[in-house]
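Chemist: Below you will find the structure I want to go over with you.
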Amino acid sequence: MTDKPGAPDVIPRSEHCISRNHISEAALKVLYRLKSAGFEAFLVGGGVRDLLLGREPKDFDIATDAHPEEVHELFRNSRLIGRRFKLVHVRFGREIIEVATFRSGHDAENSDTGHVEDGMILRDNVYGNLEDDAWRRDFTVNSLYYDIRDFSVVDYTGGLADLKAGVLRIIGDAEQRYQEDPVRMLRAVRFAAKLGFRIHPHSEAPLAHLGERLEAIPAARLFDEMLKLFLSGYAVETFELLRHYDLFRYLFPATDACLAREEHGFPHTLVAKGLENTDQRVDAGKPVTPAYLFAVLLWEPVRERAEALQAEGMSEIQALQLAGDEIIAAQIARVSLPKRFSLQTREIWVMQARLKRRNGKRAERLFAHTRFRAAYDFLLLRAETGEDELQPLAQWWTEYQDVNAENRTDMAQQAPAGGAQKRRRRRRRRKSPAGQPES
Ligand code: ATP
Ligand code: MG
């Protein structure tokens, strides 16, 4: 049904489960004000999809025939924004309601030049009506509209049937739609993981050979998408699916190469367990940071590289610093990572060496370090997944945090010097290429 434009199915209020009680007050306000001003206004996208599934929506998106400037005029608390196309953000405290004007999709062959290059949509801001808007969306289940006039649900693309069947289906020709915007492949995986839906065979088939198209996506957009993929509470399933469709390597090439050499479950277990912890934190409403996520995802390439540098005579700390810099530099060419995060990621890695040296005053200093908690969590993760017999060290730090200050001093006094001491042969001091003094 995804290729037959025509009259939509309209499901009256009495026949669906969306109640205004489940829609945020902010979203309702926006819908009502647009309506009173004489515009069409619909809730659309994830909000409608999730409500119909009985889930709590992450946010509410609104579609309207009002132009962005008109929307902006109606709401003092609004801002015109526009990266890829013009939108209006209406702010209510911490909640932001995104209002988009109906847009029309493109027929790749008929579109005017400049919009499409190599099958990929470059600009996508031609306004349209409700029907156009429905057909230009990505998946049928994301193209359901809740009409504020009569509280009905409007379905042009067969989204309701797919929703009931648990099927994720791209609207229109799958190959063409992924080519227009390759990020839709990542979105397919994200929704399949989050909703537990199966991807319809037609929507699934092109994933196997179009992955490479992701290389044309700007690193900054992939960073945004990355956060949605891995920090929404379904990171484990998402990771497994990305690997299944061989899309993971376009996001984390170095990690993927390591995973391909997997031995006895390594390093897969560390990544999977790290993501599982992230999911649990999201579930518990605890904060999660991209810094830790990237520390987990890039650890294996960093560890391998640092090992090689150590074999050449570098200290463990120096090796981790340099390996971290190299791996991050290569990674951000693909998926960007703002500096404020990458600095933290690097600290988490370098702390892995420092945590071994805990005698005298060192333990106290490390414990007071802003990155201690993250570094300790990361050490636990490595220990748990069997890396390098780190269990005793991890246990030491767990105990250290449990006991009182006096006992801490005792523990630190009795602790082995760690790190450097263990090295059988200490080579001549070398200046690190990054110019950092050896610590
Ligand atoms: P989430 O629960 O993650 O917010 P969502 O479906 O609302 O899921 P958004 O990224 O918020 O996803 O996008 C809102 C809607 O905009 C989608 O449901 C879809 O209809 C449309 N959309 C978003 N990105 C694309 C895209 N790349 N191509 C086509 N339609 C898109
Ligand atoms: Mg949304």
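The values are calculated or read from the model by the stated rules, or taken from the named source; none is laboratory data. Note that this is a predicted model, so its numbers are computed, not measured. No Cβ is skipped: glycine too gets one built from the backbone with ideal geometry, and neighbour counts run over all protein chains shown. Note: areas computed on protein heavy atoms with side chains; ligands, DNA, RNA excluded. Shrake-Rupley method; radii C 1.70, N 1.55, O 1.52, S 1.80 Å.
Chemist: Note down all Cβ pairs under 6 Å where the first residue falls in the stretch 325-346 and is among the hydroxyl-bearing types (Ser, Thr, Tyr), the second is not in a loop (DSSP other than H, G, I, E, B), and they're at least six residues apart or on different chains.
Modeler: From the stretch 325-346, the pairs are Ser336/Ala219; Ser336/Ala220; Ser336/Phe223; Ser342/Ile328; Thr345/Ala291; Thr345/Phe294; Thr345/Ala295.
Chemist: Residues of the stretch 85-105 being more than 12 Å from ligand 1 (Cβ to nearest atom) and open to solvent by 30 Å² or more (accessible area, probe 1.4 Å), which ones?
Modeler: Lys86, His89, Arg91, Phe92, Gly93, Arg94, Glu95
Chemist: Regarding Val44, is this residue in contact with a Leu (Cβ under 6 Å, 6 or more places away or on another chain) and within 11 Å of ligand 1 (Cβ to nearest atom)?
Modeler: no
Chemist: Same structure, new question: Could you list, in sequence order, the residues of the stretch 47-61 that are closer than 14 Å to Ser24 by Cβ and either near ligand 1 (Cβ under 8 Å from one of its atoms) or touching a Lys or Arg at 6+ places or on another chain (Cβ under 7 Å) (or both)?
Modeler: Residues satisfying the conditions are Gly47, Asp50, Pro57, Lys58, Asp59, Asp61.
Chemist: Please go through the stretch 358-367 and give me each residue that is under 18 Å from Leu380 (Cβ atoms) and out of contact with any Pro (no Cβ under 9 Å at 6 or more places or on another chain), ordered by number.
Modeler: Within the stretch 358-367, Ala363, Leu366, Phe367 qualify.
Conditions (1) touching a Pro at 6+ places or on another chain (Cβ under 6 Å); (2) away from ligand 2 (no atom under 15 Å from the Cβ); (3) of a type in the set (A, V, I, L, M), marked per residue:
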| site | (1), (2), (3) |
| --- | --- |
| Asp9 | no, yes, no |
| Asn21 | no, yes, no |
| Ala41 | no, yes, yes |
| Leu53 | no, no, yes |
| Arg79 | no, yes, no |
| Val90 | no, no, yes |
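Chemist: Then there is this: Asp150 versus (1) more than 10 Å from ligand 1 (Cβ to nearest atom); (2) surrounded by 19 or more Cβ atoms within 10 Å (Cβ to Cβ); (3) not assigned by TED's automatic domain parsing to the domain that holds Ala330: which is the lone unmet condition?
Modeler: (2)
Chemist: Follow-up. Between Gln413, Gln421, Gln436, which is modelled with pLDDT under 85 and not in a helix (DSSP H, G or I)?
Modeler: Result: Gln436 is the single residue among Gln413, Gln421, Gln436 that is modelled with pLDDT under 85 and not in a helix (DSSP H, G or I).
Chemist: Identify, from the list Ala188, Ala165, the residue that is assigned by TED's automatic domain parsing to the domain that holds Phe139, open to solvent by 10 Å² or more (accessible area, probe 1.4 Å) and either among the small types (Gly, Ala, Ser) or within 11 Å of ligand 1 (Cβ to nearest atom) (or both).
Modeler: Ala165
Chemist: On to the next question. Within the stretch 349-402, which helices (runs of 4 or more DSSP H) (wholly inside it) include 1 or more residues that are closer than 26 Å to His264 by Cβ and among the small types (Gly, Ala, Ser)?
Modeler: Because the criterion is at least 1 residues that are closer than 26 Å to His264 by Cβ and among the small types (Gly, Ala, Ser), the helices (runs of 4 or more DSSP H) in the stretch 349-402 that meet it are 372-384, 391-402.
Chemist: Residues of the stretch 138-158 being within 15 Å of ligand 2 (Cβ to nearest atom) and closer than 28 Å to Glu204 by Cβ, which ones?
Modeler: Those that are within 15 Å of ligand 2 (Cβ to nearest atom) and closer than 28 Å to Glu204 by Cβ: Asp138, Phe139, Val141, Asn142, Ser143, Leu144, Tyr145.
Chemist: Could you tell me which residue of the stretch 159-174 is nearest to Arg33 (Cα to Cα), considering only residues that are more than 16 Å from ligand 2 (Cβ to nearest atom) and not in a helix (DSSP H, G or I)?
Modeler: Ile171
Chemist: Quick one: in the stretch 195-234, of everything that is closer than 21 Å to Trp299 by Cβ and away from ligand 1 (no atom under 14 Å from the Cβ), which residue is surrounded by the fewest Cβ atoms within 10 Å (Cβ to Cβ)?
Modeler: Ala219
Chemist: Further question on the same structure: Name, by its number, the condition in (1) touching a residue at least 24 places away in the same chain (Cβ under 8 Å); (2) away from ligand 1 (no atom under 16 Å from the Cβ); (3) closer than 30 Å to His202 by Cβ that does not hold for Glu15.
Modeler: Exception for Glu15: condition (1).
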